[in-house]
Amino acid sequence: MSDEKRAKKKLSRRKFLVRGGLGTLGVLAVGTYLFRNPIRRSLADFANTVETPYLGDTKTPSIWFEVLNDNSVILYSPKVEMGQGTFTGLAQIAADELEIDIDQIKVVNSPSISGNMDDFGTGGSTSISSLWQPLRELAATTREMIKNEAAKKLGVEVATLSVANGIISSDGKTMSYAEVVDGVKEWKVPKTPALREIKSYKFVGKPIPRVDLKAKVFGEHIFGMDASMPDMLFGAVVRPSEIGAIFEDADIAEAEKMPGVIKVVKEKDFVGVVANSRMEAENAKHAIKTTWKTDKVWQTKDIEDMIKVGQGTPITIQKEGNAKSILEDDQDKITAEYHSPLGAHAQLEPNGAVAYVEEDKATVMISTQVVKITRDEIAKRIGVSKDKVNVIPTFLGGGFGRRLHTPNGIQAAVLSKAVGKPVKCFLDRKEEFQHDTFRPPTHHVLKAKLRENGMIEAIEHNVSSGDVAFGSPLLPGIAPALMGADLGAWRGGMINYSAIPNYRAVSWRVKLPFATSWWRSLGLLANTFAIESFMDELAEKAGKDPVQYRLDQIGDDERGFRLKEVIKAAAEKAGYKDKAENGRAMGFACSVDVNTPCAQVVEVSIENEKIKVHKVTCAMDPGLVVNPDQVRAQCEGAIIMGMSASMYERMYVEDGQLRPIIYGPYRMALMRHAPKEIDVVLLQNSETPGGVGEPPLGPIGAAVANAVYRLTGQRLRSMPLEAS
Amino acid sequence: MKISFHINNQPQTITIEDQNTPLLWVVRDLLDLKGTKFGCGKAACGACTLHVEGQAVRSCSFPVHLVEGKKVTTIEGLGTPEDPHPVQQAWIEEIVPQCGYCQPGFMMATAALLEEIPNPTDDDIDNNIINVCRCATYYRMRKAIHRAASIKNDSTTNSVNS
């Protein structure tokens, strides 16, 4: 076998999936142990600690990189940019292995037709962590391919070549990457070269400005909402205001006669209109008389009654020792209950798409976090094969999990097919609020027994939540049966204090009458609010300093070590004090999410009967940091978004409708609520990059509640947190 | 009907059926200036903020006929990469945007604020910059607004001195 063949064979066996992940859950779970709790617990533990792998191509450089005539390189990203800075991180990683300057690389979204897609989509704080290894290998391989061709063209040995800024030199002769690739018809993919030493990287680890900064500061047309196609028409879809309403019929006679209307499209499950302009489409939409079937007029109380620990089927997701029996027997156990409300994504860019369905193909421009699922759903609905549907992802005007469901893509495609022209179709804001895939409300029951020295003998967390992962197209339909508990709902719900001898966490599933699903950090915010508020309550009962109390009950394994380090760093940097001073008090909380530990100290006062957050100190250890500035930006944003969700936001149900339907009444953090000081400390106690986008959302709610208690003596156990 | 106005210093005449069409849709769909964003359609979020005669206006709720004979500026007319407005310069230096969707509205609101209050205090900022940013970039925006004020004041001083 020739070297080349051997290299090719090796290449085809090269995989990055060795660490396992969601894709392997089915394999692990199938068998006679299917419904046994220990297996489900090990699955839960696995899902809690495993790094989500990259589930796309990792061996075809040609679908990742393109060298242009000006000696710049395009990186076709299978991960979308929704503000999290992924394009910048990927540019840094690729530029270092390609040995080009950061200004020579341009990151663009990979259209589905290119084949460079990730089955998983973009989410879960995984974009940088999952691509760290494969992207470096792809970039290094690409660099070697170019060098091999350069050696041929220059008539020298590869070993004599040196590379800098995309220019190859040997013995006084130079050639740019662009000159090398010019005219090359066939590329040989060599075996993966050795990667460069991390400390030799020029861009990884540096606070490189965002690569999309100029586009976003000068108002370039980069979002799904900005997309357009020649001869484009405008569509609008009628959506019900009532929860659970099923489309029955529509009287379209009047709408059909409205000015500018091209066609009113009645489908089995919805009715929409296509018109010459947005206004004409909107006006006609309101002239359609639609009848809906609803079984029940829902109220907030109905929802609250459903979300209760003790209702439905409990699944034990974590168990160490005998917490259950100890706490059942203990008459003096400490218990507390916590609640979190229904929350909206409220991302600024509404969902929509521009679609053009032709005879046997379709093109769809859309803000989506799941390019492949969006493509497959559209292909199925309009009856075109998947490889003829080109989904072109755009920049996202906010993601936060909202764009992991994209029926809006289907609707635009159906309308386009009906008129044979491109159609642009977006939700309005009321529809965004009423047809969101909400963060579910939760109810938590915490129980604990303390030893005489105040340390925790046993602790238990029960969480009742609406679905998060279950029902999502991201998870196979069999997942609920296999896993029992919704891994999104219980995210952050496990006990991290592993030095406690007896601990247990139990998840109770509730199916609500409207869609609840992924919302940045999933259950982390609510679960951490409950557990970390309770930890402060226990510390007080034990008469201990809440920070030391936590440190003393965390195990000495690697996970425990990294958590303790961020706790110490946050407390030290903030100068944490366990007492109120000058009308201000501090609160502490910590969490571990996607293996990234994070600890926060907040400083609050009460002004005009409202909680005012002055300063947040955040220590986080995401492992190797690719871009410290953007990791800080994620912390700053996550802290204020977490404050918003913990202190202001709440959806409710009134006479069958989800409300509010507009910003303002849906109260969110604004400029005046943002802390004047946010101090971020980054630790790097891991050699590879971990998740960043969601972990810093964990502690904030509990930290604020703990600070308010210290200041006022009032224990707030329900979000949104309001001082009274 | 015909409506004539200046947009980003260029004269413009449009023909439109419904004179109450929000200025936002004229700017975005008719004039293809898509830097101005749709967020809520009810003047509640500020993503659509642009300037009419230098005043910050939420264009989603501003009937187009009201701009007859007036000067409209959008983010595309605020500055260019070669000649950025102080607000844009500050936004770049502080690396403010995350998803970026709401940012033109914030920058337009800030540019108008600095014309009214050249050195805004934190309270001035809190009271006047009331747009919504879901990525919650407020912390860097506040720093950028202060920085923009200082860039702008420096350039004004220099031009007075020279």
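Annotations for the structure displayed:
- Filter pass, A:C598 being within 24 Å of A:S130 (Cβ to Cβ), within 13 Å of chain B (Cβ to nearest Cβ) and either surrounded by 24 or more Cβ atoms within 10 Å (Cβ to Cβ) or in contact (Cβ under 8 Å) with a residue 40 or more places away in the chain (or both): no
- Among (1) outside any loop (DSSP other than H, G, I, E, B); (2) more than 10 Å from every other protein chain (Cβ to nearest Cβ); (3) modelled with pLDDT of 95 or more; (4) more than 10 Å from the chain's Cα centre (by Cα), the one test that B:D83 misses: (1)
- Members of the stretch B:127-140 that are within 17 Å of the chain's Cα centre (by Cα), within 7 Å of chain A (Cβ to nearest Cβ) and hydrophobic (A, V, I, L, M, F, W, C): B:I129, B:I130, B:V132
- Which numbered condition A:M258 misses (of (1) part of a loop (DSSP other than H, G, I, E, B); (2) free of Cβ contacts under 8 Å to residues at least 60 places away in the same chain; (3) in contact with a strand residue (DSSP E or B) (Cβ under 9 Å, 6 or more places away or on another chain); (4) over 30 Å from A:E358 (Cα atoms)): (4)
- Residues (surrounded by 24 or more Cβ atoms within 10 Å (Cβ to Cβ) and at positive phi) located in the stretch B:26-51: B:G46
- The combined condition, being part of a loop (DSSP other than H, G, I, E, B), under 19 Å from the mean Cα position of the chain (by Cα) and at pLDDT below 95, is fulfilled by A:A469.
- The stretch A:643-673, subset of a type in the set (A, V, I, L, M, F, W, C) and within 15 Å of B:A136 (Cβ to Cβ), residue farthest from the other protein chains (Cβ to nearest Cβ): A:M647
- Some residue of the stretch B:41-53 being touching a residue at least 60 places away in the same chain (Cβ under 8 Å) and more than 10 Å from chain A (Cβ to nearest Cβ): yes
- Per-region count, the stretch A:211-228, residues touching a Phe, Trp or Tyr at 6+ places or on another chain (Cβ under 9 Å) and either away from chain B (no Cβ under 13 Å) or not in a loop (DSSP other than H, G, I, E, B) (or both): 8
- Condition met for A:P190 (in a helix (DSSP H, G or I), in contact (Cβ under 8 Å) with a residue 60 or more places away in the chain and either surrounded by 13 or more Cβ atoms within 10 Å (Cβ to Cβ) or touching a Phe, Trp or Tyr at 6+ places or on another chain (Cβ under 8 Å) (or both)): no
A quick yes/no check of all residues on (1) in contact with a helix residue (DSSP H, G or I) (Cβ under 8 Å, 6 or more places away or on another chain); (2) at pLDDT below 95; (3) more than 24 Å from A:L716 (Cα to Cα):
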{"residue": "A:K541", "(1), (2), (3)": "no, no, no"}
{"residue": "A:K544", "(1), (2), (3)": "no, no, no"}
{"residue": "A:D556", "(1), (2), (3)": "no, no, yes"}
{"residue": "A:A569", "(1), (2), (3)": "no, no, yes"}
{"residue": "A:E572", "(1), (2), (3)": "no, no, yes"}
{"residue": "A:R584", "(1), (2), (3)": "yes, no, no"}
{"residue": "A:C590", "(1), (2), (3)": "yes, no, no"}
{"residue": "A:V604", "(1), (2), (3)": "yes, no, no"}
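- Residues of the stretch A:674-699 satisfying the condition of being outside any loop (DSSP other than H, G, I, E, B) and within 12 Å of chain B (Cβ to nearest Cβ): A:E677, A:I678, A:D679, A:V680, A:P696, A:L697
- Identity of the residue in the stretch B:99-125, part of a loop (DSSP other than H, G, I, E, B) and under 17 Å from A:V217 (Cα atoms), that ends up farthest from the other protein chains (Cβ to nearest Cβ): B:C102
- The stretch A:333-381, subset under 30 Å from A:E304 (Cβ atoms) and aliphatic (A, V, I, L, M), residue farthest from the other protein chains (Cβ to nearest Cβ): A:I334
- Which listed residue, of A:V616, A:V626, is within 12 Å of chain B (Cβ to nearest Cβ) and either without any contact (Cβ under 8 Å) to a residue 60 or more places away in the chain or among the β-branched types (V, I, T) (or both): A:V616
- Summed over the stretch B:31-66, residues that are in a helix (DSSP H, G or I) and closer than 25 Å to B:C99 by Cα total 3.
- Against the criterion of being in contact with a helix residue (DSSP H, G or I) (Cβ under 9 Å, 6 or more places away or on another chain) and in contact (Cβ under 8 Å) with a residue 60 or more places away in the chain, A:I315 qualifies.
- Residue in the stretch A:589-611 that is touching a strand residue (DSSP E or B) at 6+ places or on another chain (Cβ under 7 Å), basic (K, R) and either assigned to a helix (DSSP H, G or I) or more than 30 Å from A:F87 (Cβ to Cβ) (or both) present: no
- Close pairs from the stretch A:156-168: first farther than 24 Å from A:A94 by Cβ, partner in a strand (DSSP E or B), Cβ under 7 Å, at least 6 apart: A:V156/A:S170; A:T160/A:S170
- Residue that is away from every other protein chain (no Cβ under 14 Å) and modelled with pLDDT under 95, where the choices are A:G244, A:G183, A:G205: A:G183
- Failed item, numbered, when A:G56 is tested on (1) more than 28 Å from A:N351 (Cβ to Cβ); (2) modelled with pLDDT under 95: (1)
- Of all residues making up the stretch A:206-257, the number that are of a type in the set (K, R), within 22 Å of A:I288 (Cβ to Cβ) and within 29 Å of the chain's Cα centre (by Cα): 1
- Residue within the stretch A:261-279 that is touching a helix residue (DSSP H, G or I) at 6+ places or on another chain (Cβ under 6 Å), charged (D, E, K, R) and in a strand (DSSP E or B) present: yes
- Flag set for A:V384, criterion: assigned to a loop (DSSP other than H, G, I, E, B) and either more than 28 Å from B:K34 (Cα to Cα) or more than 14 Å from chain B (Cβ to nearest Cβ) (or both).
- Residue within the stretch B:126-144 that is of a type outside the set (G, A, S), under 18 Å from A:E220 (Cα atoms) and surrounded by fewer than 22 Cβ atoms within 10 Å (Cβ to Cβ) present: no
- Test: B:L23 is touching a residue at least 40 places away in the same chain (Cβ under 8 Å), closer than 23 Å to A:A346 by Cα and buried (at least 24 other Cβ atoms within 10 Å of the Cβ): no
One line per residue, one yes/no per condition, for (1) closer than 22 Å to A:R429 by Cα; (2) in contact with a Gly (Cβ under 6 Å, 6 or more places away or on another chain); (3) surrounded by fewer than 24 Cβ atoms within 10 Å (Cβ to Cβ); (4) among the polar types (S, T, N, Q):
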site	(1), (2), (3), (4)
A:Q318	no, no, yes, yes
A:L342	yes, no, no, no
A:I378	no, yes, no, no
A:D387	no, no, yes, no
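The values are calculated or read from the model by the stated rules, or taken from the named source; none is laboratory data. Model, not experiment: these values are computed from the prediction. As a convention, Cβ positions derive from the backbone with ideal geometry for all residues, glycine included, and neighbour counts pool all protein chains shown.
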